[in-house]
Amino acid sequence: MRWKKVLDDMKPYKPGRSIEEVKKQYGLKEVIKLASNENPYGCAPSVQTFIENAGIEPQIYPDGYAGSLRKKLSEKIGVKEEALMFGNGSDEIVMIISRALLGSGTNTIMATPTFPQYAHNAKIEGAEIREIPLQDGQHDLEEFVKAIDDNTSVVWLCNPNNPTGNLIPNDDLLGFLKRVPDNILVVLDEAYFEYITEEGHTDSLTLLEEFPNAIVLRTFSKAYGLAAFRIGYAVGEPKVISYLNTVRSPFNVTSLSLAIAEKALEADKFIKKCNLLNGNEKKRFIAYATNNKLHLFDSEANFVLIEVPGNADEASEKLLTHGFIVRSGEALGTPGYVRVTIGTEEQNTGFFAAFDSLLTDAKLKL
Ligand SMILES: Cc1ncc(COP(=O)(O)O)c(C=O)c1O
């Protein structure tokens, strides 16, 4: 078959190890997965009840326009209905943007390390990838500007950035948007938006009128605790959204996911609670890192990137034996660190105890 040549040296997404797999491998009764930045508090109880009684008609195609959810979300966040597009997770929106704008002869700019799907999709589309190294976990926007040329088609800003968790300061983002030519799409991927605790942080939706070449991606997978239902959305200038809609497959989000996301929009209290609990638990990670003289990146998300003694693959493997699944930084472009989803108070207490034994082993080795 005539596969795109570029696929020969690429690999499909490799999911982290499942809880069941780790239980079996190490003979553990309980295993806690802190590897995929899922919500340790689940979803809102009202949404859980709704799922159980949803009454979806399986034989009917979903509403390809997502009319009901669209109306509710547009009212909630104060944008026009035509400014929205829904995707099968924001993953799919990354793919749609790449398919619509990238190809050979174009280039695309992103940080490194960052969310790997930007480069993955760009590579498949045959675009040149320009990766700008983070500076202390932060996007180096000066270097982004220098990398732009006439063939630049898409700029990706992951904000907060995965895997470091850093947030781009308001003024830096604004200054950057002013300098980007208006024929380049700037993607603000805000998968972790609901977790931001920084006071005075500007909601980037307020920037869209001044910068119609920017688009904001958000998701129901993280703070809303609905990763299993695969639904995310884009907010942008209606003309931009219309182009992307042309690329989108007609029934890309299931009826159940649309209904659940709509219900979840009512759960403001739950989102606030998750933001607060996550913020409190993040402080415990900061204290733990400080007490043990370990570097930890400033995170405004529901995960932290924390230094480990020695090799991160080995540290992750050792944490597995204690029943904790985390992401090794070796594969994320941050060797010597692991990315840990901030769990519940109890989960984190267990995690710190497991990490203590890593530190003890490292001292014994010296
Ligand atoms: C920065 C970022 N963007 C997008 C996604 C994809 O999220 P979704 O579940 O909406 O596809 C993730 C998931 O980890 C992410 O970290």
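The values are calculated or read from the model by the stated rules, or taken from the named source; none is laboratory data. Computed from a predicted structure; not experimentally measured. Note: ideal-geometry Cβ built from the backbone for every residue, glycine included; neighbour counts use all protein chains shown. These area figures cover heavy atoms from the full protein model, side chains too; ligands, DNA and RNA do not enter into them. Shrake-Rupley method; radii C 1.70, N 1.55, O 1.52, S 1.80 Å.
Computed quantities for the displayed model
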read-out	value
The range 60-91: number of residues that are open to solvent by 30 Å² or more (accessible area, probe 1.4 Å) and either over 20 Å from SER204 (Cα atoms) or in a helix (DSSP H, G or I) (or both)	14
Filter pass, ASN37 being touching a Ser or Thr at 6+ places or on another chain (Cβ under 6 Å), of a type outside the set (Ser, Thr, Tyr) and either open to solvent by less than 70 Å² (accessible area, probe 1.4 Å) or modelled with pLDDT under 95 (or both)	yes
Answer residue from the range 102-117, given it is open to solvent by 10 Å² or more (accessible area, probe 1.4 Å) and of a type in the set (Ser, Thr, Tyr) and is nearest to TRP3 (Cα to Cα) among those	SER104
Hits in the range 261-276 (condition: assigned to a helix (DSSP H, G or I), more than 19 Å from the chain's Cα centre (by Cα) and surrounded by 15 or more Cβ atoms within 10 Å (Cβ to Cβ))	GLU262, LYS263, PHE270
Verdict on TYR243 being within 16 Å of the ligand (Cβ to nearest atom) and open to solvent by 10 Å² or more (accessible area, probe 1.4 Å)	no
Candidates HIS120, HIS139, filtered to the one that is within 16 Å of the ligand (Cβ to nearest atom) and open to solvent by 50 Å² or more (accessible area, probe 1.4 Å)	HIS120
Long-range neighbours under 8 Å by Cβ, at least six apart or interchain, first residue over 10 Å from ARG218 (Cα atoms) within the range 85-98, second of a type in the set (Asp, Glu) and within 7 Å of the ligand (Cβ to nearest atom)	VAL94/ASP189
Top-ranked residue of the range 40-59 - restricted to ones that are closer than 30 Å to ASN348 by Cβ and in a loop (DSSP other than H, G, I, E, B), ranked as most open to solvent (accessible area, probe 1.4 Å)	TYR41
Subset of the range 162-189 (residues that are assigned to a loop (DSSP other than H, G, I, E, B) and either of a type in the set (D, E, K, R) or touching a Leu at 6+ places or on another chain (Cβ under 7 Å) (or both))	PRO163, THR164, GLY165, ILE168, ASP182
Criterion violated by GLU194 - all others in (1) in a strand (DSSP E or B); (2) charged (D, E, K, R); (3) open to solvent by less than 30 Å² (accessible area, probe 1.4 Å) satisfied	(1)
Evaluation of ASP171 against (1) open to solvent by 60 Å² or more (accessible area, probe 1.4 Å); (2) in contact (Cβ under 8 Å) with a residue 60 or more places away in the chain (one fails), failing number	(2)
Selection from the range 338-347 of residues that are in contact (Cβ under 8 Å) with a residue 60 or more places away in the chain and within 21 Å of the chain's Cα centre (by Cα)	ARG339, VAL340, THR341, ILE342, GLY343, THR344
Residue match in the range 174-186 (condition: open to solvent by less than 10 Å² (accessible area, probe 1.4 Å), at pLDDT 95 or above and within 16 Å of the chain's Cα centre (by Cα))	no
Failed item in (1) open to solvent by 60 Å² or more (accessible area, probe 1.4 Å); (2) over 21 Å from LEU358 (Cβ atoms); (3) assigned to a loop (DSSP other than H, G, I, E, B), with PRO335 passing the rest	(2)
Test: residue in the range 201-219 that is on the phi > 0 side of the Ramachandran plot, in contact (Cβ under 8 Å) with a residue 60 or more places away in the chain and within 18 Å of the chain's Cα centre (by Cα)	no
Residue within the range 94-101 that is crowded, with 16+ Cβ neighbours inside 10 Å, within 13 Å of the ligand (Cβ to nearest atom) and in a loop (DSSP other than H, G, I, E, B) present	no
Number of the condition not met by GLY323 [criteria: (1) within 19 Å of the chain's Cα centre (by Cα); (2) open to solvent by less than 20 Å² (accessible area, probe 1.4 Å)]	(1)
Residues being hydrophobic (A, V, I, L, M, F, W, C), open to solvent by 30 Å² or more (accessible area, probe 1.4 Å) and within 13 Å of the chain's Cα centre (by Cα) - total across the range 221-240	1
Selection status of THR164, over 30 Å from ASN245 (Cβ atoms) and open to solvent by less than 40 Å² (accessible area, probe 1.4 Å)	yes
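A quick yes/no check of all residues on (1) more than 16 Å from the ligand (Cβ to nearest atom); (2) under 30 Å from ASP63 (Cα atoms):
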| site | (1), (2) |
| --- | --- |
| ALA147 | yes, no |
| THR152 | yes, no |
| VAL186 | no, yes |
| ALA191 | no, yes |
| LEU205 | yes, yes |
| GLU210 | yes, no |
